[in-house]
Structure formats: structure tokens, C-alpha cells
Amino acid sequence: MDEPGTVFLIDDDPSVRDSLSLLLSLKGIRTQLFATAESFIETYRPEWHGCVLTDLRMPGMTGLELQTALRERHIDVPVVVLTAHGDVATARAALKNGALDFLEKPIDDAMLLDVLHNALRLDRERRAAVTARTVTDQRTERLTQRERELLALIAAGHRNRDIARQLGISFRTVEVHKARIMEKLECSTLAELIRAHHAANT
């Protein structure tokens, strides 16, 4: 999960692609270049990680249309939009479409690098959250129906004796179930157990 990710640079101007790719490579940022938004969509793979840096006005699919296409395909990747024709309405549309940021050409190198580092960080955090959620879901599947019921009551703040009364079981049985739940979810504290429950239900 420490993989830094790639900046997927989409611009129909080869000189822009080359100059930005050189700048980013000198800063240790890996890039993959595309001349059109369509080529990125066609070649995208779910295992790709990073962010999209796209021009706004391009032949064929525009930057705004790319954002829509990504959302329709459930491709969750941070998008930074570039344009030489910035205006308030366009910027608002890009941000409303989910763009992380909107930058005007000519680009300030320091600002661009700051925005891209932030985008790559957000993508790493998103992937980490997805992985954690997947692990939690897999562990939760180990629980029996009764254990799920008991976990929901624990997470709601009920004490063992109250849970025993509500479920019509003994206090000792509640303790046994609770121990098994913590073992199956690989939790060592009650706080971890509650967090696991909330993660599996959000």
C-alpha cells in the first residue's frame, strides 16, 4: 500500500505531455501519457493506482466528459483538470463533477506538484480504506447470525447483562459469544470491535 501511484497525463498537445512528463519524472513522479481521454478509458485497468491530470478542451471527449465517463464506470480516481481557457463557470462545473482541483495554463510548477502530491496521497488513503473494508467484510462473514445480533447490541452500547436479557441467553453465554466474535474479527479491545462493526456497516 506504499506504492506511490502514477500520474495519468491526458493532453492532445504532445509538447505539453513531454514537458509535464519531464518535470514530474525529475521530481520522482511516474507518469503515463495519453493523447486522448478515450485512449485512457479504453486502456484503464482496475489495478492502476494514482491520479488523472487532464486537459479540459481536447478533440473528442473533453475533460468534463471524461469525469462523467469515469463516474459512470465507477472508476474512483482523483482528477486534476488543466486548461488554457479558464473561467469561473467551467471551473465550477469541473469541481461539481468531482475534480480535485482546477489549474490554468501556464502552470505554476510548485502549485502543480503540490496538487499532484495531494491527489496521490488521497488515492493511497482511498485504497487503504478499501483494503481495510474488504478485510473487515471477510472477517465479518465468519460470524454466525447470533454473533451478528450480539455484535450489533455491543456496538450500540448495551452491557452484557442487558444483552443476555434481550436475547434470552445467560450472561456466561454472552461472554463466550463475545470472545468468539473478537477472535473471528481479530480484535483485541472493545474499541476495535466497535470500529470493525461500524466499518462493516458504512
**Lone unmet requirement of (1) in contact with a Lys or Arg (Cβ under 6 Å, 6 or more places away or on another chain); (2) farther than 21 Å from Ile194 by Cβ; (3) basic (Lys, Arg) for Arg142** = (2)
**Prompt:** Does Phe8 count as within 22 Å of Glu125 (Cα to Cα) and modelled with pLDDT under 95?
**Reply:** no
**Complete:** Residues of the stretch 159-196 being more than 21 Å from Glu141 (Cα to Cα) and open to solvent by 90 Å² or more (accessible area, probe 1.4 Å), in sequence order, are Arg159, Arg161, Arg165, Gln166, Arg172
**Complete:** When (1) under 27 Å from Thr43 (Cβ atoms); (2) touching a Phe, Trp or Tyr at 6+ places or on another chain (Cβ under 8 Å); (3) at pLDDT below 90; (4) not aromatic (Phe, Trp, Tyr) are applied to Gly86, the one that fails is (1)
**Complete:** Expected single match for at pLDDT below 90 and among the aliphatic types (A, V, I, L, M) among Ala119, Ala110, Ala128 is Ala128
**Message:** Checking the structure you have, find out if any residue of the stretch 35-47 is of a type in the set (Ser, Thr, Tyr), touching an Asp or Glu at 6+ places or on another chain (Cβ under 8 Å) and more than 20 Å from Arg121 (Cβ to Cβ).
**Reply:** yes
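Find the residue count for the stretch 5-46, including only residues that are hydroxyl-bearing (Ser, Thr, Tyr) and touching a Gly at 6+ places or on another chain (Cβ under 8 Å).
Residues in the stretch 5-46 being hydroxyl-bearing (Ser, Thr, Tyr) and touching a Gly at 6+ places or on another chain (Cβ under 8 Å): 2 in total.
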**Message:** If I filter the stretch 17-35 down to residues being outside any helix (DSSP H, G or I) and open to solvent by 50 Å² or more (accessible area, probe 1.4 Å), which single residue comes out as nearest to Leu82 (Cα to Cα)?
**Reply:** Leu33
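The values are calculated or read from the model by the stated rules, or taken from the named source; none is laboratory data. All of these numbers come straight from a predicted model, not from anything done at the bench. We place every Cβ from the backbone using ideal geometry, glycine too, and count neighbours over all the protein chains shown. Side chains are part of the model used for accessible areas, which takes the heavy atoms of the whole protein and leaves out ligands, DNA and RNA. Shrake-Rupley method; radii C 1.70, N 1.55, O 1.52, S 1.80 Å.
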